[in-house]
Structure formats: C-alpha cells, structure tokens
Amino acid sequence: MTAAFASSRPGVPLIDGIDKVLGRARYTADLDRAGALVGRILRSPIAHGEIVRIDTARARALDGVIAIVTGADCDKTYGVLPIAMNEYPMARDRVRYCGEPIAAVAAVDEETAQRALDLIDVEFRALPAYFISKDARAPDAVLLHANKPGNVEREVHHDFGDIEAGFAAADLVREHRVSCAEINHAQIEPHACLADFDPVTGRLTVQDVSQVVYYLHLMLARCLDMDESQIRVIKPFVGGGFGARVEVLNFEIVTALLARAAGGRVFMQLTREETFITHRARPQTDVVLKLGMKKDGRFTACACEVTQRGGAYAGYGVVTILYAGALLQGLYDIPAVKYDGYRVYANLPPCGAMRGHGGVNTRHAFETLVDRMARELGLDPFAVRRANLLHAPMQTMNGLMVQSYGLAECLDVVEQASGWKERIGRMPPGKGLGMSCSHYVSGSAKPIHFTGEPHAVIHLKLDHDGGVTALTGAADIGQGSSTMVAIAVAETLEVGIDRIRVISSDTAVTPKDNGAYSSRITFMVGNAAIDAAKNLKKILIAAAAKKLEAHPDEIDCAGGIFRVGRGGQAMLSFKEVVAAALVDEGAISVKGSFTCPVEFQGGKHRGGAVGSTMGFSYGAQVVETSVDEATGMVTIDKVWVALDCGHAINPLAVKGQIEGQVWMGMGQALCEETRYLDGLPAHASFLDYKMPTIVESPHIEAFIVESNDPNGPFGAKEASEGALAGFPPAMVNAIVNAIGVELDEIPATPDRVLEAIVQHQRKVKLAQKKARS
Amino acid sequence: MHEPSAQYKKRLLRIKVNGRWREDAVADGCMLVDYLRDTAGLTGVKTGCDGGECGACTVLLDGLPVLACVTLAVRCEGRSVETIEGLAAQGRPSRLQQAFHEKLGAQCGYCTPGMVMASEALLRRNPTPTDDEIRAALAGNLCRCTGYVKIIESVKAVAGLAP
C-alpha cells in the first residue's frame, strides 16, 4: 500500500484544551483538599546500607503529628512486572539508594511534618555502594539483591539468522562503542497524591498523577492488603508523563498508607528534587555495536551488546533490556542479528520506562555506525537506508509483524524538504546536515499483567439528552487521547464531536484500561471506541428502521440524519432516533473492545513478547547543526521530520506529538543528563538538569505520512514515540558532517565536543607523523 | 490541640487580584504563589519546581511578569496582580488563550498558565514580536510537551491583533 500526505485535514483542538488555557483545569495539587493532612517522606541519606534501628518516638510526640508509617507498616513488595516485584514502598531492612523512602509523616501542616521527619532517628550500617555498571558487576561486589548474582538483574542472549555467515559476507565490518547518559522525563508537574481513607466503611479513594490508574489500583490493594472493590483511583488532569508515571511509584502507596493510619485524608506533593529522585527514566547505557555491510550499503549482520545501569530496583528493567534488543529489528532488513543485553543493579534511583522505551540508545549506536560505514564506502546515507527497506506485510526473525511500512515515503519527504541533495557536501564551515531513521511500537501486543481479558474496553452511554458519554480508562496525560476517543466515536456515529463527552480514568466509573504506555491507546482504545460506536449505531439504526417502517439495511445515516435510502424523503433527526431507541430500551449502554490476536504477540523465544505490536510507526529526519569549534557549543538550526503514523486521526495533535518527541530526543542528544556524586543527585532541579529552553529550540518542520495500517483504527498507528530515537543519531551525524569529528558520547555538551575535537586532532597528528616516517 | 505557629508574624495585605481589591491576613514569609493558590483559590497559578526555575507560576505584577514562587506576598501590598483566571472575560477566553487552544500551544497544560501570562506581558509591550523576541520573552518558561513550536505559533497568531 502506498503512503500519502495527510496535511490536507487540519484536525481539531483538544476537547479539554479550553480548560487548560483558562487555568481552570484541576491537577492533583489543585483539588479541593479541605481538612487534608500534609504528608512528607523521610529519605535515606546513604546509598547502601542496612537499617539497624528506626525510632519514631520523638516524632510521634510532636504536637500536630497525626500518623507515622515506616517499612514495618507494609511487608508487601510492589512493582510493575509480576516477575520482578522487589521493592517495598518504604525500605524495611536495607536501603539501596540515596533518597529511598524510609518513613513518612502525616501532620497538620507542612512545617510540622518537616519537623517530625527531623525527629525520626535512623541508624544504618553502611555497605559498599556502586554507581557504575562495571563496579556493580565486579566479582567481589556486595549483591544488592541476594537472588541476582553479579548484580545483573537480567541477561538476554538472542541470536537470529546466521551471524557468522552474515559478517563473512560483508565487504566492510565495523564496530563502535557508544555511551548515552542517564536522563529524566522532567514532566513539569511534580508528583502529587491525594488519598482519602474512610475508617468507617474501610474504603480508600486516591486521586493521583498516574498514567496507569489500573495498575495503581492493583498495587494499592496488594500493599494495603485490601479488597480491590474497596478502592477507587481517579486521575484528574495530569501535567505530562513521558513514562514517569507508567509504573506505580512509592509515594502513591505511602500516601495511601498514611491516610489509612491517620483515618482520613492526606495530601502529598513531592518537591522537584524528590520528583527527580523518584526517577524511573532512561538508564545510562553502554552499547557496543558491530555491523556488516556490502559495498552497495546492504546490511549483512548486526551484533549488539547493551549494558544498562538500571538503578537499585527492578521496575521495568527486564522490559527495557529486552526492548533494546528487540527493536534492532522491524526497521530494516537485516539477515542476522545477535543481541546480548545486561541489566545491572546499582545504588542509584531505579530507572524505568521513558518515551521511546528501550530502543533509543541502541538506535543511536546503530544509526551513527551506519553513517560512519557509509562515509567509508562513499555512499549517501539516504541510499544506505533505501538499500535495506522492509516490504510489508512481513514478519521479522524475532517474530514481529510489520503490516504497514511508510519509511520509504518518510525518507523521500525529509530528503526533499531539507534540500539534502543540493546542500549535502556544500555546507559552509562549521555547519552540517545529518539524518537518521527510527520506529516504535503501537502498543505492546501482550499486556504486562496478562489476564486473558481484551486489551481495551470502552463503554458508551446514551440517554434522554442525546449526548453520548464515552467511558474509558485510557489516561489522557496531555497527549490528547480523550480527544482521539471522541473523534473515533463521532466519526463512526457520523455525528458532531460536540455531542460526545469523554470521562477518563476513574476506576469506579470507567472500564479497566492498562493505561498510557507503549503508545498503545490510539491503536487499542481507538479500535475499541470504533467497535463500541458501531454497536451503538446498530441500536440506533434498528430504532430508526422501526420508526420509519423500513428494514435496518435500508437505513442511511449521515450527518446525524437517518433516512430510508440515500436521499430518501422520510427522515429522523439524531434526537428523534435516540427518543425512539429509548422507548425500547431505556438508557442505553454499549461496549466495545479490542484484542491483539495471538499471532501478533511476539516470538516464541524467551522474552519474545517484548517488542511485539500490531503496527510500527516509522520516522525519518534530517537535522541541521552549527558547531563552534572554539567553545564546543552545538546549535540545532532546524529539523525536518516525517512520521508514518498510519492515519492521522487528529493531524493537529499528531503534529504536536511529532514536534514534542523530536524535541525530547534533542534534549537527550544535546544537553540533558542526570549526574550523581557518590550517589547523591547533583541534577535534581531545573537549573541543574539542563533541558532546552525555547531559546535553544529550533523550528521543527513535521510531516505526516499515512501508510494506512490494515488493523489500525481508521488505519492509524502510534504517533508519539517513533521519531524520538532518530534525533540523537541524526544530530551526531550532522556534527560529523560539520566538523569531521565523531562523538562517542551523548549528550553533546561543550566539554564532550571539545574533548572529541582534541582527540580527533591528536589522531590526525599521529597519522601525519606516521605518514612522514 | 495544635496551635498555629507564632513564628511568622501576620499582617493585613491589601492587594488587587484580577481587578478586585482583597484584604487578607498573610504571614510575612508567605510567597505570592501560596497566597494566590491557597488563600485566593486561584489554582490556575502552578508550581513546577522548588523555586524560580520553571516559570509555571508566572503572573503579572502591575503588568510585568514575575515568578510568584519567589515573590513575597507582602511585597505586593497595594499593587495589582493578574493571573490566568483574570484574562478571560465573562468566561470567554482572550484571543491569546483562544490561540493557545486552537494552535495546540497547550498539550498537558501544566506550563500553560505561566506561558500565557509571559506571552501576555510581551504582547502588551510589543504587539508585533518577532520569533526571536518571543523566544527571549519566554526563555524562563519551561515546557516539556510541545518543543515550543506551537507555543511560538500561538503567540504569533495574535501578534498585531488588538487584545
């Protein structure tokens, strides 16, 4: 199927956008919290040690302290992966990173809560702490978790195709080593939670910043040892996520524990520093990547070793290290792929999922090596990518299904828009162009908590007012998923979007949804919304047919008007049909669902479910940079990016997502990094964690390519992550193009760029010396 | 049981908030952001950082943008403060707010109130800013969703139009 541009349709503003611009959108910290106590967490001052003693007596005696909880109050572990729940909401006998929660206080005001924390006495017996993967893996290193020898949480060894034959068939084989710093989501809304416990009914209500309200509901029941039916979790407006809130976080459970202990309502808002320490973002990663290439640019084999410094607990770690290998495939045709992955424990805040989960740093190593080899072979970077395209439909060696593939069109679009052919090789000194490709899943085809239920369920309610209310557990965190649901329902019912109201993420009201992660919502919830709307439409058509005394097959429904036959005389308005339908049934509730068929749920090998999806998005981009060789400053002048999202259900929102993800990739490439000094975060503010301001941010020209996926809702795939991974390599390739210097580390901070320039000059001098002698 | 802390002296603050005069007892150490959110109930004013880093709390003090999280409430005695809630007229968004809505200058919306107020201040003193002037005026306002592309488009959409 050939792809086409979608820019002819403008799209619609977000259905909750007006609340945001008026300042009336209520985020967790904005909720009415009359009578709420203030919750605060006591955190470990050391990176690794045994807790010898906790004494809360002095704190409890303080006037205004209502409740104190410690690790002794919860002996249940939590975690996002059922196979790797190895974390307590508050440390019980051992702390494994600076900032790990130890105890918490609920008090009448913040000042009192803070004073109470100061009065809690904790005695530690320090253990050796490890802050880099190599030290943690040393043979004599103390184990962070007794069941994980060598401090390796998960080793992955995958081998597809004949790797030796692949390298033997290559005209050029090269290997390089790349290091990517740890980064953070840095969503602007700090973490917050409001928990209400009613000691009379024993019910708990939690309002919170989560992207995964259902998982939070599950973990609250587990850690508080409560029946799930007694819990309600509500997501108010959420100020961004990017993966920060895609697993249950310690402060959420701690706030609920405090509310129960206090027999009432507790509000907890973390500081920005604490929000950074809660972490769960992209790990520091070392990649060693080896590639075989024919003279014409065809890949023959790829071998890749990835080491991720995962922090102190499991979190999403197993999934992250599997993604890093799985996503080597599904973008290009590579005959043989070998992958060795190591997820390592260290005494730092736990890493987790962040936009582009798992694939970003390996993609960086891959796309920069492709460029190095293309230069050596005298090939154009676009030509190399074009020599290795896939042909959909196909299945990769690791069992991933590719049903639609618009990468060729993406390449054409950015090549032309950037003027690549005319400009490459003719850039002024210090200026360069670089390009890269990337992809991402449209939702993990196998849910984390496998229950056998559908992957998405939507309820629609239609009553006397003629309004259609869509109830969805899908968490809108600013990406516009509620608007997507409204459009999907409205277009299927052929009514205006203003007739649709979306209620999202309230576990007492909305059907269970796995949440906002792995870019699953548009594909899965979108399909469920269409299914639900079709079911509702059937009821309306039957009612119209009865009223118009016709057969349902004869009813034509367009623009909210029901007629017998196209252009028929007898007609009913939407409200008349609703009234007729209610006569038969009363208030109408219908349901729609979606399930990823088993053949899409990945390969049969161990870990084969990770990377599996119904459809990949594809992106290509060109980055233009300026490099100041005297200061090492890199400036991004412009970006051209094309994303194949299958079909843009809301082109306005898709463009917003493309710009946002490319920019987030730019932050990682250019300036963002978390730094620790003996385990103490040295980055935990927006002054020290350098993300690009509007001044450093270039114009990003975004293009939508539509490949019309056969299984996607209206042909759609994901649009929020697929282009992110392309930015760092495109930028590094542009830096090479500008100044001829390779960069083995990101972010490309001035110190790293200057160091690379010095190393490069040293190499050139040595080579000249050799040549003379 | 628990008596209010006598550590911070309170005084009567007379302040104009979104065009209306108010009088409230305010502690000397109370920041403007806490006064606006907790006392005046204007939760459109956001906090995103631990002080002076993100711009989410930007409000106008006598027409000029300030960070409410590093401004003492008592310093605003007798002065006029405008928040995001004050821009709308009879519930209808201003042109600038409408532009942020229609152009998708707001995604998650958390930085939006500060972003809109900083843009409002810019447009009042310079109704036709260039891209670089917009960038300079919004340099202290962080956004994590948009890559700033549609924020610039939103401001430009009303540049040159009467408020």
Dipole of the protein assembly as shown, positive end: most advanced residue of A:Ile746, A:Gly358, A:Ile424 [Cβ charges, Cα centre]: A:Ile424
Selection from A:Leu687, A:Phe727, A:Ala767, by position along the positive dipole direction of region A:629-773 (Cβ): A:Ala767
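Would you calculate, for chain B, the mean residue ellipticity at 222 nm contributed by helices, counting each DSSP H stretch of 4 or more residues as -39,500 (n - 2.57) and dividing by all residues, to the nearest 500?
Values: 4 runs with 39 residues, N = 163.
Result for chain B, helices only: -7000 deg cm²/dmol.
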Given unit charges at Cβ for Lys, Arg (+) and Asp, Glu (-), the dipole magnitude of region A:508-582 about its Cα centre in debye, nearest 20, is 120 debye
Straight-line reach check, B:Lys16, cutoff 20 Å on alpha carbons, 8 or more apart in-chain or any other chain, hits among lysines -> B:Lys46
Assuming 0.36 nm per residue, please report the length gained on full extension of the stretch A:Ser229 to A:Arg606 beyond their Cα-Cα distance. 132.2 nm
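Counting helices only, and only those DSSP H runs with n ≥ 4, report the 222 nm mean residue ellipticity of chain A as the sum of -39,500 (n - 2.57) divided by its residues, in deg cm²/dmol to the nearest 500. Let's see the in-between values first.
On the way: 19 runs with 213 residues, N = 773.
Value at 222 nm, helices only: -8500 deg cm²/dmol.
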Can you tell me which lysines have their Cα less than 27 Å from the Cα of A:Lys338? Leave out same-chain residues fewer than eight positions away. A:Lys134, A:Lys148, A:Lys290, A:Lys294, A:Lys295, A:Lys446, A:Lys604
State to the nearest 20 debye the size of the charge dipole of chain B about its Cα centre, where the only charges are +1 on K and R beta carbons and -1 on D and E beta carbons. 320 debye
In straight Cα distance, which lysines are under 23 Å from A:Lys431, not counting same-chain residues fewer than 8 positions off? A:Lys421, A:Lys638, A:Lys763
Give the relative contact order (percent, whole number) for chain A; include only Cα pairs under 8 Å separated by 6+ residues. 16 percent
Put +1 on the Cβ of each Lys and Arg and -1 on the Cβ of each Asp and Glu in the protein assembly as shown; which of B:Cys111, A:Val509, B:Pro129 then has its Cα farthest toward the positive end of the dipole? B:Pro129
Toy charge model, Lys and Arg Cβ at +1, Asp and Glu Cβ at -1: region A:456-595 dipole around Cα centroid in debye, rounded to 20, equals 140 debye
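Per residue and in cubic angstrom, what volume does the convex hull of the Cα atoms of region B:10-83 have? Before the final figure, lay out the partial values.
Values: hull volume 5.3 nm³, N = 74.
In region B:10-83, the Cα hull volume divided by residue count equals 72 Å³.
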Long-range tail of P(r) for region B:95-158 (Cα pairs > 21 Å, %): 7 percent
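Counting other beta carbons within 10 Å of each residue's own, what order do B:Glu153, A:Glu100, A:Glu164 fall into, fewest first?
Values: B:Glu153 19, A:Glu100 26, A:Glu164 11.
If I rank by nearby Cβ atoms, fewest first, I get A:Glu164, B:Glu153, A:Glu100.
Quick one: if you take sqrt(5λ) for each eigenvalue of the C-alpha gyration tensor of chain A, what semi-axes come out, biggest first, whole angstrom?
On the way: eigenvalues 349, 296, 98 Å².
The equivalent ellipsoid of chain A has semi-axes of 42, 38, 22 Å.
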Value in Å of the Kirkwood radius, where region A:456-595 supplies the Cα pairs that are averaged: 15.2 Å
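We did not get these values from a lab; they are worked out from the coordinates using the rules stated. Given the structure is predicted, the values throughout are model-derived calculations rather than measurements. No Cβ is skipped: glycine too gets one built from the backbone with ideal geometry, and neighbour counts run over all protein chains shown.
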